[in-house]
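Visitor: Take this structure first; my questions come after.
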Amino acid sequence: MAIDWIGCGYAAAILLGGYMGYRKKGSIMSLMAGLVFGGLSLYGAYNISIKPTDIKVLLFASGLLSVVMGTRYKTSGKLMPAGIMTILSLLMVFRLLLLVM
C-alpha cells in the first residue's frame, strides 16, 4: 500500500491553517473548518492510498474548499490565507483529475 503523501500534506496544511486562525485571531469557525476539511482530506488521502481511483472524498473536500476560499480571496483580496488555500485546493483538484485519467 503506497501512502498518498501529497494528500496527507494537503490535509496537514488545512489542519495547521485552521489551528493558526484560531491561535492568532481566536476564530472558532476557522478551527472547526480546519478540522472538518482537514479530516475529510485526510480520510480522502487514506482512501486513495488503498485504492488510487477512489478520489470522491478528497475531490469533494478540495473542490468545496477552493470555491469557499476563492470567494473569500475575491472579497478580501488577501493572499494569506485565502489565496494560498485557493491555490493549494485548485492544485489538488487538478492532481486528482489527472490521477483518474
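Visitor: On a 0 to 90° scale, report how tilted helix 84-100 is relative to the longest principal axis of the chain, with both axes built from alpha carbons and the result rounded to the nearest 10.
Guide: 10 degrees
Visitor: A further question follows. Hey, what angle do you get for helix 56-76 against the long axis of the chain, alpha-carbon based, 0 to 90 degrees rounded to 10?
Guide: Helix 56-76 and the main axis of the chain meet at about 20 degrees.
Visitor: How large is the helix-only mean residue ellipticity at 222 nm for the chain, computed as the sum of -39500 (n - 2.57) over DSSP H runs with n ≥ 4, divided by its residue count, in deg cm²/dmol to the nearest 500?
Guide: Taken over the chain, the calculation gives -28000 deg cm²/dmol.
Visitor: How big is the charge dipole of the chain about its Cα centre, in debye rounded to the nearest 20, if each Lys and Arg gets +1 on its Cβ and each Asp and Glu gets -1 on its Cβ?
Guide: Here the size comes out at about 380 debye.
Visitor: On alpha carbon coordinates alone, what is the Rg over Rh value for the chain, Rh being the Kirkwood radius?
Guide: 0.99
Visitor: Count the net charge of all other residues whose Cβ sits under 14 Å from the Cβ of LEU99, scoring Lys and Arg as +1 and Asp and Glu as -1.
Guide: In short, +1.
Visitor: Sticking with this one: Could you work out the local net charge near GLY63, counting Lys and Arg as +1, Asp and Glu as -1, over the other residues with Cβ closer than 14 Å to its Cβ?
Guide: Once positives and negatives cancel, what remains is +2.
Visitor: OK, next. How about the stretch 29-101: which trypsin sites (Lys or Arg not before Pro) there are in a DSSP loop, with at most 14 other Cβ atoms within 10 Å of their Cβ?
Guide: Passing both the DSSP loop test and the Cβ count: LYS78.
Any read-out appearing in this document is the output of simple, stated calculations on the displayed coordinates, not a laboratory observation. Small disclaimer: the values here were computed from a predicted structure and weren't measured. All Cβ positions, even for glycine, are placed from backbone atoms using ideal geometry, and neighbour counts span all protein chains on display.
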